[in-house]
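Engineer: Sharing a structure, written as structure tokens. Questions coming.
Where a number appears in this text, it was derived from the coordinates with a stated rule and is not lab data. On a predicted model such as this, the values are computed, not experimentally measured, just so you know. Backbone-built Cβ (ideal geometry, glycine too); neighbour counts: all protein chains shown.
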Amino acid sequence: MYLEFYGLKEAPFSITPDPRYVFLSERHRDALAHLLYGIGKGGSGGFVQLTGEVGTGKTTLCRLLLEQLPENTRVALVLNPRLSPIELLESICDELKLDIGDRKGSLKGLVDTLNAYLLDAYAQGLRVVLIIDEAQNLSTDSLEQVRLLTNLETPTQKLLQIILLGQPELRDKLDDPELRQLAQRITARYHLTPLDRDETEAYVRHRLAVAGALRSPFSRLGLRALYKRSGGVPRLINIIGDRALMAGYAREQAAIGERLVDRAADETLPGTTRYRVRHYGPWAAAACLVIAFGAAAYFFPQWKPPPAIAPPLPTAPAATGSAPTTAAAEAARPEENPAQRKLAALAETSADSELTAWTQLLARWQATSAETSVRDAAHCRAVVFPGMNCLRGHGAIAQLVRFDRPLILPIKWRNASAYALLQGVSGDQVQLNLAGESFRVGKGDLSSVWDGEFFALWRLPADVPTQLHNGDAGPGVAWVKAELARMDGGAADAGPAFFDDALAERVRKLQTAYGIKPDGIVGPETLFALSALDPAGPHLIRGVQ
């Protein structure tokens, strides 16, 4: 009902999983990297444990993990672990499509069948992974049976990698002395925490942008209230956000502030004041209000109670095919500050702002017309021309500032859109250039017209490939070592130009510092971060005046 009113193409806060809406905070990226690392060499056949509160995104990470597993991986996914040890083994065999026939109900028969399959998979070069979701529901006997599965091995290698996903109770359960043998086999642990306030705001902006919004209907106070009431838990953000949009539509409010968010939270979250009053019935609620008004009149004689209690939140009117455009809705629009008005005015009158921004960025890198045309560069292919790379990414302004390079930011405000060049930063202010005109804007104001997308150029030696990982060798690896030496002080020429475990660990440290998924693989984002370590080339202006 509220989609057209807020300029949305679809509901942004649906709790139904949709890969387009996946938002990975730094914690989520780190957790995913732990899972992938555990499945690889780091696991060594032990257990990998991921825990987190309800709604923090464990199942979402599990889906992403399944999408990123190598082709030679076979997976058994158990979603309902409230099973006896024998039922659990049967479920694992079913997931791996094993014919257990008359071996059902036989513990030895099931283990023998599974062992034969694992040995055959090993011979074919396949890796087998068992993922158990909601693992806190496993009984002690079932957990012990899972531990025994890790005894299936060759003289040199474990045959089964096991991942346990669960709520914090799983950690408590594994502290039980009775399960100490299993706890000792956990080689990678990660606890997923809720989003912080900045991440919550970025999460909301991301989902709104995917849903087609040109601006955020939530005011800054509304976003703060959304974080406070949800605690940064993505599932609760979705529930409260959806109800707040419905409430805003019902009241024809273009801007959703903290009052609407609080009311939405009261109506959707358990254990709130609203539900406690209902528990005692309407007469008890009315009595409480009368007592409150009487006390106020006694202690504050000049205060007078309102003539009537405010009516309940009205039901949203039926959709008529066009969004309400009342004077009340226009009056509720947040007042544009000077920076936003400037952005809007320039965007509306700058049809060629994209080409202007790319021309400026190429000039900052001293790229000549003989090397590339502006229109070709604007396509942002991975390699614009030999020696110049391009990246289209997404990140928070704090991450972009760490890169310390000029970048192109697509901005949108109301019905206007344009491309601005990020030139400098100082404290809470950033300096942009739009259509050849430079001006300053607060980081908070920038977030209201920018959803985190950016375009970057950087110079890269032509002999450095666009991806490097463990096991590679050559001049590209030598370049990576040389750039990392600028950060960690390690010797650039230490040992041969070979990508080994030690180099992968140095890459992970760089990735963590720049807010990139710490997977130890040198891809486009990591190449850009490495190039940012080089003092050569353009940098952001500091101390913007």
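Engineer: As an exercise, identify the trypsin sites (Lys or Arg not before Pro) in the stretch 81-183 lying in DSSP coil whose Cβ has no more than 15 other Cβ atoms within 10 Å. Working shown, then result.
Structural biologist: Numbers: sites: Arg82, Lys97, Arg103, Lys104, Lys108, Arg127, Arg147, Lys158, Arg171, Lys173, Arg180; in loops: Arg82, Lys97, Lys104.
Counting only loop positions with at most 15 other Cβ atoms within 10 Å, the trypsin sites (Lys or Arg not before Pro) in the stretch 81-183 are Arg82, Lys97, Lys104.
Engineer: Only Lys, Arg, Asp and Glu count, each charged at its Cβ (+1, +1, -1, -1), so figure out the dipole size of the stretch 338-459 about its Cα centre, rounded to 20 debye. Write down the numbers at each step before the final one.
Structural biologist: Working: 13 positive and 11 negative charges, 33 e Å.
Dipole about the Cα centre, nearest 20: 160 debye.
Engineer: Can you compute the radius of gyration and Dmax for the stretch 338-459, using only the Cα atoms, both in Å?
Structural biologist: 13.8, 42
Engineer: Determine, for Val75, Val477, the number of other Cβ atoms within 10 Å of each Cβ, and report the residues in order from fewest to most. Working shown, then result.
Structural biologist: Numbers: Val75 17, Val477 21.
Sorted ascending by nearby Cβ count, the order is Val75, Val477.
Engineer: Could I ask something else about it? Translational D (Stokes-Einstein, µm²/s) of the stretch 202-260 at 20 °C and 1.002 mPa s when Rh comes from the Kirkwood sum over C-alpha pairs? Could the numbers behind the result be given before it?
Structural biologist: Numbers: Rh = 11.4 Å.
My calculation gives 188 µm²/s for D.
Engineer: Students often forget the sequence filter, so: which aspartates and glutamates lie under 14 Å Cα-Cα from Lys108 once same-chain residues fewer than 8 apart are removed?
Structural biologist: Within the straight-line limit of under 14 Å, Lys108 reaches these aspartates and glutamates: Glu87, Glu90.
Engineer: How much FRET efficiency would the formula 1/(1 + (r/R0)^6) give for Leu533 and Ser84, where r is the Cβ-Cβ distance and R0 is 56 Å, rounded to 0.05? Mind dumping the intermediate values first?
Structural biologist: Working: r = 55 Å, r/R0 = 0.99.
Efficiency at R0 = 56 Å is approximately 0.50.
Engineer: Hey, another quick one. What do you get for Rg/Rh over the stretch 421-545 if you use C-alpha atoms and the Kirkwood form of Rh?
Structural biologist: Numbers: Rg = 17.1 Å, Rh = 16.3 Å.
Rounded to two decimals, Rg over Rh is 1.05.
Engineer: Just how many % of Cα pairs in the stretch 475-522 lie over 12 Å apart, if you round to the nearest whole percent?
Structural biologist: Details: 651 of 1128 pairs.
I get 58 percent for the Cα pairs in the stretch 475-522 exceeding 12 Å.
Engineer: Could you list the square roots of 5 times each eigenvalue of the Cα gyration tensor of the stretch 26-192, that is, the equivalent ellipsoid semi-axes, sorted largest first and rounded to whole Å?
Structural biologist: Values: eigenvalues 111, 70, 44 Å².
Its equivalent ellipsoid spans semi-axes of 24, 19, 15 Å.
Engineer: Just to compare against my own numbers: the Cα pair-distance distribution for the stretch 102-205, 5 Å bins, whole % per bin, please.
Structural biologist: Computed distribution, short to long bins: 2, 10, 17, 18, 16, 14, 9, 5, 4, 3, 1, 0.
Engineer: Right, something else. Of Lys443/Lys509; Lys58/Lys481; Lys97/Lys173; Lys443/Lys481, which ones are farther than 29 Å apart at the Cα? Walk me through the intermediate numbers first.
Structural biologist: On the way: Lys443/Lys509 27 Å; Lys58/Lys481 35 Å; Lys97/Lys173 31 Å; Lys443/Lys481 34 Å.
From Lys443/Lys509; Lys58/Lys481; Lys97/Lys173; Lys443/Lys481, over 29 Å: Lys58/Lys481; Lys97/Lys173; Lys443/Lys481.
Engineer: With only alpha-carbon atoms in the gyration tensor, what are the semi-axes of the equivalent ellipsoid for the stretch 54-105, in Å, largest first?
Structural biologist: Working: eigenvalues 127, 56, 5 Å².
Ellipsoid half-lengths, sorted descending, are 25, 17, 5 Å.
Engineer: In the P(r) worked out for the stretch 167-272, what percent of Cα pairs fall beyond 16 Å? List each step's numbers first, then the result.
Structural biologist: Numbers: 3479 of 5565 pairs.
Of the Cα pairs, 63 percent sit more than 16 Å apart.
Engineer: With 10 angstrom as the radius, rank Ser25, Ser219 by how many other C-beta atoms surround their C-beta, starting from the fewest.
Structural biologist: So the residues, fewest neighbours to most, are Ser219, Ser25.
Engineer: Dipole magnitude of the stretch 26-192 about its Cα centre, charges +1 at Lys/Arg Cβ and -1 at Asp/Glu Cβ only, in debye to the nearest 20? If you can, show how the numbers build up before the last one.
Structural biologist: Values: 19 positive and 23 negative charges, 88 e Å.
Here the stretch 26-192 has a charge dipole of around 420 debye.
Engineer: Still on this structure: In whole Å and largest first, what semi-axes does the C-alpha gyration tensor of the stretch 1-93 yield when each eigenvalue is scaled by 5 and square-rooted? Walk me through the numbers before you get to the answer.
Structural biologist: Numbers: eigenvalues 198, 66, 32 Å².
So the equivalent ellipsoid measures 31, 18, 13 Å along its semi-axes.
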